[in-house]
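Below is a structure I'd like to ask you about.
The values are calculated or read from the model by the stated rules, or taken from the named source; none is laboratory data. Remember, it's a predicted structure, so these values are computed and weren't measured experimentally. Positions of Cβ are backbone-derived with ideal geometry, glycine not excepted, and every protein chain shown enters the neighbour counts.
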Amino acid sequence: MPQLKTDIVVSALMRRAASAGAFSAILRKGDKDAGAYLLITRQVTKGEVIYTLYRPIRNIDGAPVWWPKNGLDQAAIDTYVNRRIDEDPDLWVVEIEDRKGRHFLIEPVEDDANLANAPKDSDPDMALKAAIKAVFPDR
């Protein structure tokens with residue numbers, strides 16, 4: 001099945017956010033045709049900033065979904081993003097600031113409860129690492 005170019009998908013995501021009154025920004029541009037992207041949501045409530053990092057993974061059935069990682073501070077997000085950029089220089093990073101904390105993704109979003117059946121030693125980045133290993137076997 002053909003996939004939309006990343007720059008089109010990111011533009012659509014940002015337009016959905018803007019039409020709902022949220023602010024969005026591209027923190028890093030990757031490959032416009034086929035780069036993966038991460039989404040960071042930023043919600044400010046009563047002076048507290050709540051961050052959620054959404055990353056694409058495959059669920060137990062092998063279907064692509066977004067997995068939210070809550071409870072991170074800005075430093076933890078920066079560390080994760082920088083590590084991912086080292087692994088994938090074509091990576092896009094998008095941030096949405098919304099009072100309600102909405103992500104505006106139209107693709108399925110999993111939560112930790114849905115991943116409870118996954119083996120305890122499973123790595124959500126396993127598919128990415130396998131793909132990198134297939135392309136760069138000496139890494």
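Taking Ala127 as the residue in question, decide whether it is part of a loop (DSSP other than H, G, I, E, B), modelled with pLDDT under 65, surrounded by 13 or more Cβ atoms within 10 Å (Cβ to Cβ) and not aromatic (Phe, Trp, Tyr).
On the way: part of a loop (DSSP other than H, G, I, E, B): no; modelled with pLDDT under 65: yes; surrounded by 13 or more Cβ atoms within 10 Å (Cβ to Cβ): yes; not aromatic (Phe, Trp, Tyr): yes.
No: the conditions fail for Ala127.
Right, next: Residues that are among the charged types (D, E, K, R) and at positive phi: does the stretch 46-56 have at least one? Reasoning before the result, please.
Going residue by residue through the stretch 46-56, those that are among the charged types (D, E, K, R) are 46, 48, 55.
Imposing the further condition that a residue be at positive phi reduces the set to 46.
Yes, because at least one residue in the stretch 46-56 is among the charged types (D, E, K, R) and at positive phi.
Name the single residue, out of those in the stretch 6-32 being of a type in the set (Val, Ile, Thr) and free of Cβ contacts under 8 Å to residues at least 40 places away in the same chain, that is surrounded by the most Cβ atoms within 10 Å (Cβ to Cβ). Outline the logic, then answer.
Here is the first cut: in the stretch 6-32, the ones of a type in the set (Val, Ile, Thr) are 6, 8-10, 26.
Now restrict to residues that are free of Cβ contacts under 8 Å to residues at least 40 places away in the same chain: 8-9.
Details: Ile8: 12, Val9: 17.
My answer is Val9.
Let me ask something else. Mind checking whether some residue in the stretch 33-55 is among the charged types (D, E, K, R), in contact with a helix residue (DSSP H, G or I) (Cβ under 8 Å, 6 or more places away or on another chain), more than 17 Å from Leu105 (Cα to Cα) and surrounded by 15 or more Cβ atoms within 10 Å (Cβ to Cβ)?
Among the residues of the stretch 33-55, not one is among the charged types (D, E, K, R), in contact with a helix residue (DSSP H, G or I) (Cβ under 8 Å, 6 or more places away or on another chain), more than 17 Å from Leu105 (Cα to Cα) and surrounded by 15 or more Cβ atoms within 10 Å (Cβ to Cβ), which makes the answer no.
With the condition kept exactly as written, say whether any residue in the stretch 61-77 is under 16 Å from Glu107 (Cα atoms), modelled with pLDDT of 95 or more and surrounded by 16 or more Cβ atoms within 10 Å (Cβ to Cβ).
Looking for residues that are under 16 Å from Glu107 (Cα atoms), modelled with pLDDT of 95 or more and surrounded by 16 or more Cβ atoms within 10 Å (Cβ to Cβ), one finds none in the stretch 61-77, hence no.
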